[in-house]
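S.K.: Next up is a structure, given as structure tokens.
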Amino acid sequence: MADDDHSTKAANDGDIAIVGGGPVGMALALALARHGGRAHIFEARERGAVREDPRILALSHGSRQILEWLGVWRHIAATPIAAIHISQKGGFGRTLLTAADQALPALGYVATAASVGAALDDALHAATIPFHDHGRVDEVAVGTESLQLLTAMGERTARLVVYAEGTIDANAGAVTRDYRQSAVICTVTPTTPHGNVAYERFTTQGPLALLPTGASMAVVYTCPTETAAELVALDDQAFLARLQSHFGTRLKFAAVGRRQKFPLLLAYRKSPVGERAVWLGNAAQTLHPVAGQGFNLALRDLWELARTLDKAEDPGDARLLARYAAARSKDRIAAIGFTDALTRLFDIDLPLFREARGLALLALDTVPPLRAFVARRMIYGARAW
Ligand SMILES: Cc1cc2nc3c(=O)[nH]c(=O)nc-3n(C[C@H](O)[C@H](O)[C@H](O)COP(=O)(O)OP(=O)(O)OC[C@H]3O[C@@H](n4cnc5c(N)ncnc54)[C@H](O)[C@@H]3O)c2cc1C
């Protein structure tokens, strides 16, 4: 979309600049609009690129509520998850979390990031929220009253910048952990209906997740980084055989779609706020997808941010940003810790650990309050603690 005269002028007067028009940046712009605010999105790529995003998102019940509030849920092609089957390869113990147990219509939903992105983009169009594509932001200079953004379209002024750029700058002093793992993602067709059951299987190579999506299953196959290229290069039959032996026999697979790999790591900024700045989504914390927390956490964050900035005279006011960071701290730390602990706990290939994990899964299966606790953690975030 070309940057028209009207939006260029408004950008110069805009209060909030969002760097990055991915799912998080777009959802924030809509959330701010719900509170009567107006932000400008600056996106480096072509508008609509998000409609090609191959990632699969497991969305929690809480995320559904936020996406409903944003008015986009009904346009997202989402498959409900009726149950989650959790097991470990080469060890005993398994557990089944069900929606019926939690008295909910679904434990969560599976949608393509492309479908979520398309629904958000359509809503932005409908609300005429300024979206400047080919609008890469290269530099931001902070002043006492405002900010100067150096963009591909020239200079812009704002009072608050929200970074939703999908990565954390190498010089940001972020806490990082390289899991030396990558995720190979693809879609497979099962030979029998999946019954809306999601599978999370922990293996010493990393977790393997299969998520019901339409009649197919989306696969997130975590493996050591050096194995990922090999898995992507295998022909379809060889890959299906590898996947089948890794997953076991609970489901059989007939066909596989295109495969892509993503490097996995943990990286998070110590604080998600700075001088007239907020970091959101992957720009604030990049998480291992094992527990499907990244986008879900970002939605809860942006919901709170929009609420905090409601009718603010100066959205860059340090006190407001501190209040937002404090309100989100508990959930953020819990999501980062939960994801990291899960990844590392199931990574250790020692008999004692295998048994302890088996016992934990057994306990989860036989102690309903414990099961409810874990299910609620996945569904609502730290509100469940
Ligand atoms: C394999 C995999 C599976 C996942 N599964 C789940 C899941 O089940 N559930 C879940 O909640 N999360 C999941 N996630 C995480 C989820 O995908 C991310 O949290 C989410 O997509 C991040 O969105 P974002 O908008 O922050 O970043 P991005 O989608 O990366 O968007 C960032 C945007 O910023 C733009 N940009 C970058 N730099 C600039 C700049 N300087 N100026 C202007 N624009 C810029 C980019 O072009 C891009 O469009 C998964 C991730 C992976 C890798």
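S.K.: Can you report the number of residues in the stretch 87-114 which are in contact with a strand residue (DSSP E or B) (Cβ under 9 Å, 6 or more places away or on another chain) and open to solvent by less than 40 Å² (accessible area, probe 1.4 Å)?
M.R.: Number of matching residues: 15.
S.K.: Right, next: Filter the stretch 209-242 for residues that are open to solvent by less than 10 Å² (accessible area, probe 1.4 Å) and touching a Leu at 6+ places or on another chain (Cβ under 8 Å) and give the result.
M.R.: Leu210, Met217, Ala218, Val219, Tyr221, Thr222, Cys223, Phe239 - these are the residues of the stretch 209-242 that are open to solvent by less than 10 Å² (accessible area, probe 1.4 Å) and touching a Leu at 6+ places or on another chain (Cβ under 8 Å).
S.K.: Hey, another quick one. Is one or more of the residues making up the stretch 54-72 under 20 Å from His194 (Cα atoms), in a strand (DSSP E or B) and either more than 16 Å from the ligand (Cβ to nearest atom) or open to solvent by less than 20 Å² (accessible area, probe 1.4 Å) (or both)?
M.R.: yes
S.K.: Let me ask something else. Being within 26 Å of Tyr179 (Cβ to Cβ), touching a residue at least 24 places away in the same chain (Cβ under 8 Å) and more than 12 Å from the ligand (Cβ to nearest atom) narrows it down to one residue among Ser271, Ser329; which is it?
M.R.: Details: Ser329 fails: touching a residue at least 24 places away in the same chain (Cβ under 8 Å).
It is Ser271.
Residue-by-condition table, conditions (1) out of contact with any helix residue (DSSP H, G or I) (no Cβ under 7 Å at 6 or more places or on another chain); (2) at pLDDT below 95:
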| position | (1), (2) |
| --- | --- |
| Leu120 | no, no |
| Leu124 | no, no |
| Asp133 | yes, no |
| Val162 | no, no |
| Gly173 | yes, yes |
| Gln181 | no, yes |
| Tyr199 | yes, yes |
| Leu208 | no, yes |
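S.K.: Please go through the stretch 240-268 and give me each residue that is touching a Lys or Arg at 6+ places or on another chain (Cβ under 9 Å) and without any contact (Cβ under 8 Å) to a residue 24 or more places away in the chain, ordered by number.
M.R.: Gln244
S.K.: Output the number of the condition that Ala141 fails; it satisfies all remaining conditions of (1) open to solvent by 70 Å² or more (accessible area, probe 1.4 Å); (2) hydrophobic (A, V, I, L, M, F, W, C); (3) more than 27 Å from Asn196 (Cβ to Cβ).
M.R.: If we test Ala141 against (1) open to solvent by 70 Å² or more (accessible area, probe 1.4 Å); (2) hydrophobic (A, V, I, L, M, F, W, C); (3) more than 27 Å from Asn196 (Cβ to Cβ), just (1) comes out false.
S.K.: Kindly indicate the residue of the stretch 74-86 that is closer than 30 Å to Leu305 by Cα and in contact with a Ser or Thr (Cβ under 9 Å, 6 or more places away or on another chain) and also most open to solvent (accessible area, probe 1.4 Å) among those meeting that condition. Before you say what the answer is, go through the steps one by one.
M.R.: Taking the stretch 74-86 first, the residues closer than 30 Å to Leu305 by Cα are 74-81.
So of that shortlist, the ones also in contact with a Ser or Thr (Cβ under 9 Å, 6 or more places away or on another chain) come out as 75-79.
Working: His75: 112, Ile76: 15, Ala77: 74, Ala78: 33, Thr79: 17 Å².
It comes out as His75.
S.K.: Here's a follow-up. How many residues does the stretch 146-160 hold that are open to solvent by less than 40 Å² (accessible area, probe 1.4 Å) and aliphatic (A, V, I, L, M)?
M.R.: 4
S.K.: Just for the stretch 132-164: of the residues that are outside any strand (DSSP E or B) and either more than 15 Å from Arg45 (Cα to Cα) or among the acidic types (Asp, Glu) (or both), which one is nearest to the ligand (Cβ to nearest atom)?
M.R.: So, considering only residues that are outside any strand (DSSP E or B) and either more than 15 Å from Arg45 (Cα to Cα) or among the acidic types (Asp, Glu) (or both), the one nearest to the ligand (Cβ to nearest atom) is Asp133.
S.K.: Now a separate question. Looking at (1) touching a residue at least 40 places away in the same chain (Cβ under 8 Å); (2) part of a loop (DSSP other than H, G, I, E, B), which is the only condition Ser182 fails?
M.R.: Answer for Ser182: the failing condition is (2).
S.K.: Still on this structure, please answer the following. Return a yes/no flag: does the stretch 215-236 have any residue that is away from the ligand (no atom under 16 Å from the Cβ) and touching a residue at least 24 places away in the same chain (Cβ under 8 Å).
M.R.: Yes - at least one qualifying residue is present in the stretch 215-236.
S.K.: Criterion first (within 13 Å of the ligand (Cβ to nearest atom), open to solvent by 30 Å² or more (accessible area, probe 1.4 Å) and hydroxyl-bearing (Ser, Thr, Tyr)) does Tyr179 satisfy it?
M.R.: Numbers: within 13 Å of the ligand (Cβ to nearest atom): yes; open to solvent by 30 Å² or more (accessible area, probe 1.4 Å): no; hydroxyl-bearing (Ser, Thr, Tyr): yes.
For Tyr179, the condition - within 13 Å of the ligand (Cβ to nearest atom), open to solvent by 30 Å² or more (accessible area, probe 1.4 Å) and hydroxyl-bearing (Ser, Thr, Tyr) - is not met.
S.K.: Going by the conditions given, is Arg307 out of contact with any strand residue (DSSP E or B) (no Cβ under 8 Å at 6 or more places or on another chain), more than 10 Å from the ligand (Cβ to nearest atom) and not hydroxyl-bearing (Ser, Thr, Tyr)?
M.R.: Yes: the conditions hold for Arg307.
S.K.: Applying the selection to the stretch 99-131, what residues are more than 17 Å from the chain's Cα centre (by Cα) and assigned to a loop (DSSP other than H, G, I, E, B)?
M.R.: Within the stretch 99-131, Ala99, Ala100, Asp101, Gln102, Ala103, Leu104, Pro105, Ala106, Ala127, Thr128, Ile129, Pro130 meet the criteria.
S.K.: In the stretch 21-44, what residues are over 18 Å from Ser115 (Cα atoms), near the ligand (Cβ under 9 Å from one of its atoms) and open to solvent by 10 Å² or more (accessible area, probe 1.4 Å)?
M.R.: Glu43, Ala44
S.K.: Same structure again: Taking the stretch 251-260, which residues are out of contact with any Pro (no Cβ under 9 Å at 6 or more places or on another chain) and surrounded by 14 or more Cβ atoms within 10 Å (Cβ to Cβ)?
M.R.: Val256, Gly257, Arg259
S.K.: Here's a follow-up. Go over the candidates Lys311, Lys261 one by one and state the one that is part of a strand (DSSP E or B) and more than 21 Å from Ala174 (Cβ to Cβ).
M.R.: Answer to the selection: Lys261.
Okay, residues lined up against (1) at pLDDT 85 or above; (2) closer than 26 Å to Pro212 by Cβ:
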{"site": "Ser271", "(1), (2)": "yes, no"}
{"site": "Glu275", "(1), (2)": "yes, no"}
{"site": "Asp317", "(1), (2)": "yes, no"}
{"site": "Asp331", "(1), (2)": "yes, no"}
{"site": "Ala334", "(1), (2)": "yes, no"}
{"site": "Phe346", "(1), (2)": "no, yes"}
{"site": "Asp349", "(1), (2)": "no, no"}
{"site": "Arg354", "(1), (2)": "no, no"}
{"site": "Arg357", "(1), (2)": "no, yes"}
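The values are calculated or read from the model by the stated rules, or taken from the named source; none is laboratory data. These numbers were taken from a predicted model, which means no experiment stands behind them. Note that we place each Cβ from the backbone using ideal geometry, even for glycine, and neighbour counts take in every protein chain shown. Surface accessibility is based on the protein's heavy atoms, side chains included, excluding ligands, DNA and RNA. Shrake-Rupley method; radii C 1.70, N 1.55, O 1.52, S 1.80 Å.
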